[in-house]
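The block underneath contains the structure these notes are about, expressed in structure tokens.
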Amino acid sequence: MRRRRIWSEDVPFATVRSARVIGLLASRGVELCLAVRPGGEAGLAATVGACAEAGVRVALWPMLADRDGRWACAGNAAAFVDYARGLCDGLASEGVAPAEVVVDLEPPFEAVRAAVDGPLAAIDLVARRGARLLGAAARFDDLGGALRDRRIAMSCAVVPLVAIGPAGAWEAALGTPVSGVAWDHVSAMLYSSILEGWSRGLLARRDAVAVVAAGAREVALRFGDRSGASLGAVGVGAFGDEPRLRSPEELREDVRAARAAGIDALTLLDLGGVLSRPPAEAWLDAFVGVDEEPLAGPPPVTLRADLAVGAAAQLARVLAALRRP
């Protein structure tokens, strides 16, 4: 299924709903995933309404305070669900509604920061949360049911590791319950610039693109027609120092790799980067323009990419074995 969305994490709502930005998105058929955090809700309803009037589909992207983990996970599922429900209730009281709610499933903020220094540090920080995985999955599934009663879809963004190796192994290790929830869409975060930049020289650019392709293939196998991929990064994210794509042409390469691997439902990270690195049109055209090209053969493959994915699968098997009684 062909689909194009863009994450908007830090762009002020007034800018998002400006005629220029809405025009950029509407003219290219790009949907908006709009972040909102506690204390930052002012202007949300006006922004959702303005986008709806222009034909731009809006997904709410709720986040918690950093001290509460920021992203949704097993440890804060109750707080996240309450916040997401409250946002939808508040919008309904103002006569508007999102088309979708995105649950950004990642380990807590401090664990992801630790992962930059070493993946095992992150696993250690969240391993104790695995016992709460089933209860958290039930909470997210209940949220999905309540949203669908309002004709609002519920999707998730996931660390691509969850699709590699035995089902559930990485979910438990990272505290991110994907299984057991009726997601309408599952988008794996396959950011080639971050894969390259944070690999400490282990992955060159071509290896990172090959990992994007391999990850997309695994996600497509695991989640079928619900599968999607998030690509980038054009701008920095939560940490402010994430490596960024060098040019729109690199974005085109990532889109081609994901499509060749079987995924054509794509989300770009992010609107702030697109607007801060003009011309914005060049980035958006690179993101959507590949649709007009025929698929250019099989996805890219490199030895280092195969070794990286193979190592992730092997570690998943070890984690699964450790969970057995």
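Which percentage, to the nearest 5, of the DSSP beta bridges contained in segment 3-323 is antiparallel?
Numbers: 0 of 35 bridges.
Antiparallel: roughly 0 percent of the beta bridges in segment 3-323.
Run the dipole for the chain about the Cα centre, Lys and Arg Cβ at +1, Asp and Glu Cβ at -1, nothing else charged, and hand back the magnitude in debye, nearest 20.
Numbers: 36 positive and 39 negative charges, 117 e Å.
So the dipole magnitude of the chain works out to roughly 560 debye.
So who's got an amide H within less than 5 Å of the one on R5, skipping anything under 5 residues away but keeping other chains? H placed 1.01 Å off N, in plane.
When sequence neighbours closer than 5 places are left aside, the close amide H contacts are E31, L266, T267, L268.
If packing is taken as the average count of other Cβ atoms within 10 Å, what order do 151-158, 197-204 fall into, highest mean first? Walk me through the numbers before you get to the answer.
Numbers: 151-158: 21.2, 197-204: 13.9.
Highest-to-lowest ranking by the protection proxy: 151-158, 197-204.
In nanometres, what is the gap between the two model label sites at E41 and R3, each 7 Å from Cα along Cα-to-Cβ?
A separation of 2.6 nm, rounded to one decimal place.
Please report how far the C-alpha centroid of segment 246-289 lies from that of segment 84-98, rounded to the nearest whole angstrom.
If you average the Cα positions of each part, the centres end up 31 Å apart.
Every number in this text was worked out from the coordinates using simple rules, so none of it is lab data. Source: prediction; values computed, not measured. Note: ideal-geometry Cβ built from the backbone for every residue, glycine included; neighbour counts use all protein chains shown.
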